[in-house]
Amino acid sequence: MIDLRVRAIALYDAFTHDHRDRRRFMGEMVALAGSVAAAEILVAGIAASPAAAQQIPADDARLTAERVTGTEAGKPSVAYVAVPKDAAGGLPTLLVIHENRGLNAHIEDVARRIALAGFRAIAPDFLAPQGGTPADEDRARAMIGTIDYDLALAQARAFLATARSAPTGNGRTGAVGFCWGGAFVNRLAVADATLAAGVSYYGPAPDPVEAGKVRAAMLLQLAGNDTRVNTTALPWGEALAKAGRTVTTHLYPGVDHAFNNDTSTARYNATVAAQAWARTIAFLHLHLDAV
């Protein structure tokens, strides 16, 4: 059963990250599971259900949370913004970068968790210039595959620049991202020298030669079973350390890519997710709180 689960996750990762054809993917999953019904059960357990496992209600009385539309870098922008109501003094601002499914209910929930931990949370929808994140996850992943990456970075930097001068902020900014968003945090750290801290959850990394451009303190949260990501992420952490940057890499043995995503039954690991989350919040406060 364990081998079946591991092989099923590998197939699903190839489908979602290598943009494989769905018909081919389902054919391979049926061959693995033995029947269409068994394959559908396997896929349901691996795939995320964005509205599931909500930890913080959207109308939580401790928060002010809303979607904000506008223009950044000359193109339409959308962001979900969550701020604690009882904050005393300026708070650091954290960009929350979505997975390859775009800005969905799960990422909005993560932004609320971040806000309750003592941050101004801004979760941009980097599919906004293409009309916004669709409800269909396959379509969202296809749109991510054609995204204007330079535009996405420009919009992220614009959000950060505005946040640094916001009267409710403390002038310090960071970013946390998951999967596609984890890779984006690594790229953002290369592109924006004003970023003070970045947390990349199981995100593929840039070429190690880029490490010298990073000024942010970096925390890399990696899954032990995630060979696809670790092939680039582990050398990235080593290169950052060699370049004299502040970097901590945690490799959690025996867990899968997306172990923090509590909407995916097969991948989520509650124990490791809690440990990684505690380290993330402590790291962000260490590097983003006013001194």
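Taking residue 85 as the anchor, which aspartates and glutamates have their alpha carbon closer than 18 Å to its alpha carbon, excluding any fewer than eight residues away along the same chain?
Output for residue 85: 59, 60, 66, 108, 109, 289.
Out of residues 5 or more away from residue 172 or on other chains, whose amide H comes under 5 Å of its own, with H placed 1.01 Å from N in the peptide plane?
Here 93 satisfy the definition.
Over the residues of the range 86-126, compute the C-alpha Rg and express it relative to 2.2 N^0.38 Å. Mind dumping the intermediate values first?
Details: Rg = 10.7 Å, N = 41, 2.2 N^0.38 = 9.0 Å.
My calculation over the Cα atoms of the range 86-126 gives 1.19.
May I ask you to sort 165, 77, 264 by Cβ crowding, counting other Cβ atoms within 10 Å and putting the fewest first? Numbers along the way, then the final one.
Working: 165 8, 77 19, 264 23.
Least to most surrounded, the residues fall as 165, 77, 264.
Collect residues whose amide H, placed 1.01 Å from N in the peptide plane, falls under 5 Å from the amide H of residue 224; neighbours closer than 5 in sequence don't count.
Distant-sequence amide H within range of residue 224: 252, 254, 255.
Hey, can you grab everything whose amide H is under 5 Å from the amide H of residue 246? Only 5+ residues off in sequence or another chain; H modelled, so Pro and N-termini drop out.
Those lying under 5 Å, H to H, from residue 246 are 218.
The numbers here are math on the coordinates, done by the rules we state, and not lab data. Keep in mind it's a predicted model, so treat the numbers as computed, not measured. Note: ideal-geometry Cβ built from the backbone for every residue, glycine included; neighbour counts use all protein chains shown.
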